[in-house]
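Notes for the one structure printed next.
The values are calculated or read from the model by the stated rules, or taken from the named source; none is laboratory data. As the structure is a computational prediction, the values presented were derived from the model and not from experiment. Note that each Cβ is placed from the backbone with ideal geometry, even for glycine, and that neighbours are counted across all protein chains shown. Surface areas here come from the heavy atoms of the whole protein model, side chains and all, with no ligands, DNA or RNA. Shrake-Rupley method; radii C 1.70, N 1.55, O 1.52, S 1.80 Å.
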Amino acid sequence: MNHGFNSSFADRLNAFVEQKNVLGYPYYESLRILKHFDSFCSEQYPKKKHLTKDICLSWAVRKSNECNNSFRNRIYPIREFARYLNSIGETAYLIPADFVKKGYPAVPHIYSTDELAAIWSVLDSTPFKKNFPVRHLVLPALFKLLYCCGLRPAEARTLLKENVDLEKGRIDIIESKAHKSRIVMLADDVTEMLWEYDNGVSAIMPERKLFFPSSNDTVYTKVWLDKSFRNTLKKAGITGNGKQAPRPYDFRHTFATHRIYQWMKEGKDVEAMLPYLSTYMGHAQLSDTYYYIHLAPDVFKEMSGFNDREFEELIPEVPDDD
């Protein structure tokens, strides 16, 4: 398959992406980055046929408006491409794994119930637009699913219709972070919401492949999702109170935090329940889930008078979230 590459690396980039797809990796976001890299090579190194150190280090220059994680994410697919070239016998420069250090995460925004109500109100009022016939259906359903099931935004954006079984109330997340797959079971009210959504979109796009499709059944980009959410927050009057503005990813943090709080209200053994939450969210290790107790004890205090000292033994030192 031709993915639209035009540089001297076009054939090898196509083969590389095809290999990833055959192995089960959707590679949507990485493909977007590789296309930018392909254009970069066409413009800056049109005659170069080998992936040299000069090319890689020229690409690996941080932009003035680029955050640390975005910079890392832009380099990673080029490292993978270099590894692929080396595996087929070509000499290619591999950008060092520690070229960009992973930064410490900002404290995420935990949405209050009032904020969630305001967000849903704005999303449910998304107007129909003739040129974007399913957007008014996609936006509210996608963001509600992020909160209700704690999905990563990329998992929702790239979700295939064939991987959603509403008869069983089940979503199959295929090859997500760290190439892990998992099953996400849905609550009855979430299943009902998705039934209504699916029926509406299917009436307009009966042959679609994506569960949350764009107008031409392609994956919505992260940039689009972030921009749409910023507009939603503005209309809802939500600005956040930290250095980092509220993000779609914060629905995942809110899901975990609210779930732990609910267990506490119900008098359940939180330590015994956390492994279930860890599996449900697709965490690589249990400490990633313990992070949510470490995350925002002040939120618990505001909600219930929660005393975090009672749970100090559950809180390890976790420098990075998932």
(request) May I ask you to list the residues in the stretch 131-169 that are farther than 16 Å from Asp226 by Cα, assigned to a loop (DSSP other than H, G, I, E, B) and among the polar types (S, T, N, Q)? (result) Asn131
(message) Suppose the filter is touching a residue at least 60 places away in the same chain (Cβ under 8 Å) and either surrounded by 13 or more Cβ atoms within 10 Å (Cβ to Cβ) or farther than 28 Å from Pro213 by Cα (or both); does Arg62 pass it?
(response) no
(request) Determine, yes or no, whether Leu194 is of a type outside the set (Lys, Arg) and either modelled with pLDDT of 95 or more or more than 25 Å from Glu29 (Cα to Cα) (or both). (result) yes
(message) Can you tell me which residue is nearest to Tyr27 (Cα to Cα) among those in the stretch 197-226 that are loosely packed, with under 12 Cβ neighbours inside 10 Å and of a type in the set (A, V, I, L, M)?
(response) Val223
(request) Being within 28 Å of the chain's Cα centre (by Cα) and in a loop (DSSP other than H, G, I, E, B) is the filter here, so list the residues in the stretch 40-66 that pass it. (result) Ala60, Val61, Arg62, Lys63, Ser64, Asn65, Glu66
(request) Could you list, in sequence order, all residues of the stretch 179-209 that are part of a loop (DSSP other than H, G, I, E, B) and in contact (Cβ under 8 Å) with a residue 40 or more places away in the chain? (result) Lys180, Met205, Arg208, Lys209
(request) Could you list, in sequence order, all residues of the stretch 232-248 that are open to solvent by 60 Å² or more (accessible area, probe 1.4 Å) and part of a helix (DSSP H, G or I)? (result) Lys234, Lys235
(request) Only residues that are surrounded by 19 or more Cβ atoms within 10 Å (Cβ to Cβ) and either in contact with a Gly (Cβ under 9 Å, 6 or more places away or on another chain) or more than 21 Å from Arg182 (Cβ to Cβ) (or both): list them for the stretch 271-281, please. (result) Leu277, Met281
(message) Condition first: open to solvent by less than 50 Å² (accessible area, probe 1.4 Å), within 19 Å of Ile88 (Cα to Cα) and in contact with a Lys or Arg (Cβ under 6 Å, 6 or more places away or on another chain). Can you find one or more residues in the stretch 7-20 that meet it?
(response) yes
(request) Only one of these is of a type in the set (A, V, I, L, M, F, W, C), at pLDDT 90 or above and not in a helix (DSSP H, G or I): Phe229, Phe212, Phe251. Name it. (result) Phe212
(message) Taking the conditions exactly as written (open to solvent by 50 Å² or more (accessible area, probe 1.4 Å) and under 17 Å from the mean Cα position of the chain (by Cα)), does Ile171 satisfy them or not?
(response) no
(message) If I filter the stretch 21-35 for residues that are in contact (Cβ under 8 Å) with a residue 12 or more places away in the chain, over 30 Å from Asn163 (Cβ atoms) and buried (at least 17 other Cβ atoms within 10 Å of the Cβ), do I get at least one hit?
(response) no
(message) For the stretch 74-130, give me each residue that is of a type in the set (Val, Ile, Thr), open to solvent by less than 30 Å² (accessible area, probe 1.4 Å) and not in a helix (DSSP H, G or I).
(response) Ile95, Val100, Ile110, Thr126
(message) Can you confirm whether Phe71 is in contact (Cβ under 8 Å) with a residue 12 or more places away in the chain and either open to solvent by 20 Å² or more (accessible area, probe 1.4 Å) or within 30 Å of Lys35 (Cβ to Cβ) (or both)?
(response) yes
(request) Give the residue, chosen from Ser181, Ser176, Ser228, that is out of contact with any strand residue (DSSP E or B) (no Cβ under 8 Å at 6 or more places or on another chain) and of a type in the set (Ser, Thr, Tyr). (result) Ser228
(request) Would you mind telling me which numbered condition in (1) part of a loop (DSSP other than H, G, I, E, B); (2) farther than 20 Å from Asp124 by Cα; (3) out of contact with any helix residue (DSSP H, G or I) (no Cβ under 6 Å at 6 or more places or on another chain) His258 fails? (result) (1)
